[in-house]
1. Listed residues Leu217, Leu195; which is among the aliphatic types (A, V, I, L, M) and modelled with pLDDT of 95 or more?
2. Determine if region 72-89 includes at least one residue that is part of a loop (DSSP other than H, G, I, E, B), among the charged types (D, E, K, R) and surrounded by fewer than 20 Cβ atoms within 10 Å (Cβ to Cβ).
3. Could you tell me which of the residues Val144, Val174, Val198, Val159 is in contact with a Phe, Trp or Tyr (Cβ under 6 Å, 6 or more places away or on another chain), assigned to a helix (DSSP H, G or I) and of a type in the set (Val, Ile, Thr)?
4. Filter region 128-141 down to the residues that are part of a helix (DSSP H, G or I) and either under 25 Å from Leu46 (Cβ atoms) or of a type in the set (D, E, K, R) (or both), then identify the one that is farthest from the chain's Cα centre (by Cα).
5. When you check Asp125 against the structure, is it farther than 24 Å from Pro219 by Cβ and within 12 Å of the chain's Cα centre (by Cα), yes or no?
6. Filtering region 103-130 down to residues that are among the hydrophobic types (A, V, I, L, M, F, W, C) and within 29 Å of Glu196 (Cβ to Cβ), which residue is surrounded by the fewest Cβ atoms within 10 Å (Cβ to Cβ)?
7. Farther than 14 Å from Leu58 by Cα and of a type outside the set (A, V, I, L, M, F, W, C), is that true of Lys149?
8. Which of the residues belonging to region 195-228 are under 14 Å from the mean Cα position of the chain (by Cα) and under 21 Å from Leu180 (Cβ atoms)?
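The values are calculated or read from the model by the stated rules, or taken from the named source; none is laboratory data. Just so we're clear, the structure is a prediction, and the values are computed from it rather than from any experiment. Neighbour counts run over all protein chains shown; Cβ positions are idealised from the backbone, glycine included.
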Amino acid sequence: MSKDKPAGVLRVRATPENVQKSYGALSKFYTFLEGKFEQRLREKGLKYLAAKEGEIVLEIGTGTGFALREIARSVGASGKAHGLDLTPEMLHLTEKGLRRAGLINRVELDEGDARTMRYGNDIFDAVYMSATLELFDTPDIDKVLGEVKRVLKPQGRLVVASMSKEGREDFWFVRLYEWLHQKLPKYATCRPIYLEQVVKDASFDIVKSEEYLIMKLVPMKLVLATAG
């Protein structure tokens, strides 16, 4: 990280196994949370992504598949959408939704860890990641973004939405969430991060960014960047 990076980002003490177990338990309820709670943010993020017919696009942290279905529609029959998630219960729900929508043939699902992805180099035209990067411990964020840069084609697009601390250090919701993260690290598994800074530190070029408040409570930062 750069020396001028603001201090105060909490470490993540939950292990990948803790995260997998937590989100596995949440999977039945997460369909509602992801469908309604994150809808406007997802619409903004997919507009940033601007997936096109024939492209190959990866979503990291696919959850229950709302964004992945839209990506599959956008890339069309000549493209391919890939969904990566750590939690088998989430992938099962995603697969069911894709089959109902008649989109399963356009998608490849993979259970795996974004820190060590099994994809080859220079594969994807774009990578999409929402409410996922902040789940990784601080040193692992660099690993994830390094892996993203490896699998992206030159000048490929990265769209990330994450819970943001930038300019919100004293915001009551941020302070409450950080308190929960410290007291219940196995359940409040993520925490706010300085998204623009970590993306810049990973040698991506930021094209545009904006803040969005979910339900006027949760500060999210949305970033579009390109691999240099």
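1. Numbers: Leu217 fails: modelled with pLDDT of 95 or more.
Just a single option satisfies the conditions, and that option is Leu195.
2. Start the filter on region 72-89 by keeping residues that are part of a loop (DSSP other than H, G, I, E, B), which leaves 76-79, 86-87.
Next, only the ones that are among the charged types (D, E, K, R) stay: none.
Within region 72-89, none of the residues are part of a loop (DSSP other than H, G, I, E, B), among the charged types (D, E, K, R) and surrounded by fewer than 20 Cβ atoms within 10 Å (Cβ to Cβ).
3. Values: Val174 fails: in contact with a Phe, Trp or Tyr (Cβ under 6 Å, 6 or more places away or on another chain); Val198 fails: in contact with a Phe, Trp or Tyr (Cβ under 6 Å, 6 or more places away or on another chain); Val159 fails: assigned to a helix (DSSP H, G or I).
None of the others qualify; the one that does is Val144.
4. As a first pass, look at region 128-141 and keep what is part of a helix (DSSP H, G or I): 133-135, 138-141.
Of the ones still in play, those that are also either under 25 Å from Leu46 (Cβ atoms) or of a type in the set (D, E, K, R) (or both) are 133-135, 140-141.
Values: Leu133: 5, Glu134: 8, Leu135: 9, Asp140: 14, Ile141: 11 Å.
Checking each candidate, the answer is Asp140.
5. Values: farther than 24 Å from Pro219 by Cβ: yes; within 12 Å of the chain's Cα centre (by Cα): no.
No, not satisfied.
6. Going residue by residue through region 103-130, those that are among the hydrophobic types (A, V, I, L, M, F, W, C) are 103-104, 107, 109, 114, 117, 123-124, 126-127, 129.
Remaining after also requiring within 29 Å of Glu196 (Cβ to Cβ): 114, 117, 123-124, 126-127, 129.
Values: Ala114: 23, Met117: 20, Ile123: 17, Phe124: 22, Ala126: 25, Val127: 28, Met129: 24.
Looking at residues that are among the hydrophobic types (A, V, I, L, M, F, W, C) and within 29 Å of Glu196 (Cβ to Cβ), I get Ile123.
7. Numbers: farther than 14 Å from Leu58 by Cα: no; of a type outside the set (A, V, I, L, M, F, W, C): yes.
So Lys149 does not fit the description; no.
8. Leu195, Met220, Lys221
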